[in-house]
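S.K.: Have a look at this one.
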Amino acid sequence: LLGHIDKLLQLGRLHFSATTIKKVFFDYQFGMGELEWKQGQHFASILRQTLAFDAIGADFASGRARQCLALAARSLRLGYVEQTLQLIDAAEAAEPNQRLQVRAASLRSIALRILGQFDDALNCTRAAIQSLDPGHAERLELEWEALLNTALRDRDLSVLGKAVGRGGSHYQTTYVLEAIVAAYASGDRVWVERLNSINYLIKSGLVTPQ
């Protein structure tokens, strides 16, 4: 495939270094692997990304960081929380850039929350939020993580109810469902009923979240 990429660039009279071509190849293979994972083709995804990393990705700090974060996300889904945190540390050490740090902070927050370390999780999300501009695309998700950590630490789901209620900062179906899960996890039946009511209104079309 590398040879084909090189030929295409030559036909277009574009000249790039071998290192640049390798990086394009790695990014393509890694991106395809992420798409395959989302489509449920887990073995194909892992095989593609592992081969791409072994062949080329190890030459790039970004390659090592991206592989570690991908593995961290998968470890978290499988419940391997300690391994997740180790992989996040490895990713941040490989390439400490802002985009990676934001993704790492979100994963770290979830892992720490599972361990019941709410203060550490909250500090993690707050630090990441402060590093972002007000209009940054990832800010809303990190602010939600901070709300979850606060609500579960204080055993007070009113902050979530306010956020996902009509006109709230996180008035979206996804966040309503996550708030319902948090309510069930906390055992707060009052908020389970309230949040289910919001979800019912959205599903019925009586209200439309932004």
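The values are calculated or read from the model by the stated rules, or taken from the named source; none is laboratory data. A quick note: this is a predicted structure, and the numbers were derived from the prediction, not measured. Cβ coordinates were reconstructed from backbone atoms using ideal geometry, including for glycine residues, and neighbour counts include every protein chain displayed. Quick note on the areas: whole protein, heavy atoms, side chains included, nothing else; ligands and nucleic acids left out. Shrake-Rupley method; radii C 1.70, N 1.55, O 1.52, S 1.80 Å.
S.K.: Would you please name the residue that is modelled with the highest pLDDT, looking only at residues in the range 47-63 that are open to solvent by 80 Å² or more (accessible area, probe 1.4 Å) and either of a type in the set (D, E, K, R) or closer than 17 Å to Arg77 by Cα (or both)?
M.R.: Among those residues, the one meeting the criterion is Asp54.
S.K.: Restricting attention to the range 76-85, does a residue exist that is out of contact with any helix residue (DSSP H, G or I) (no Cβ under 6 Å at 6 or more places or on another chain), open to solvent by 20 Å² or more (accessible area, probe 1.4 Å), closer than 21 Å to Val192 by Cα and free of Cβ contacts under 8 Å to residues at least 24 places away in the same chain? Step through it out loud before you land on a result.
M.R.: Filtering the range 76-85 down to residues out of contact with any helix residue (DSSP H, G or I) (no Cβ under 6 Å at 6 or more places or on another chain) leaves 77-80, 82.
This time we only want the ones that are open to solvent by 20 Å² or more (accessible area, probe 1.4 Å), so: 77-80, 82.
Filter once more, so that each one left must be closer than 21 Å to Val192 by Cα: none.
Taking every residue of the range 76-85 in turn, none turns out to be out of contact with any helix residue (DSSP H, G or I) (no Cβ under 6 Å at 6 or more places or on another chain), open to solvent by 20 Å² or more (accessible area, probe 1.4 Å), closer than 21 Å to Val192 by Cα and free of Cβ contacts under 8 Å to residues at least 24 places away in the same chain.
S.K.: Any residue in the range 171-197 that is free of Cβ contacts under 8 Å to residues at least 12 places away in the same chain sitting within a Cβ distance under 7 Å of a residue that is in a helix (DSSP H, G or I) and open to solvent by less than 20 Å² (accessible area, probe 1.4 Å)? List the pairs, counting only those 6 or more apart or interchain.
M.R.: Qualifying pairs under 7 Å: Tyr184/Val192.
S.K.: Considering the range 90-126 alone, what residues qualify as being open to solvent by 60 Å² or more (accessible area, probe 1.4 Å) and over 15 Å from the mean Cα position of the chain (by Cα)? Full working, then the answer.
M.R.: We begin by selecting, within the range 90-126, every residue open to solvent by 60 Å² or more (accessible area, probe 1.4 Å); these are 93, 96, 98-99, 101, 103, 114-115, 117, 119-120, 123, 126.
Within the range 90-126, Ala93, Pro96, Ile114, Leu115, Gln117, Asp119, Asp120, Asn123, Arg126 qualify.
S.K.: Right, something else. Show me the helices (runs of 4 or more DSSP H) entirely contained within the range 88-188 in which 2 or more residues are within 28 Å of Cys68 (Cα to Cα).
M.R.: On the way: elements: 98-114, 118-130, 139-154, 158-164, 173-186.
In the range 88-188, the matching helices (runs of 4 or more DSSP H) lie at 98-114, 118-130, 139-154, 173-186.
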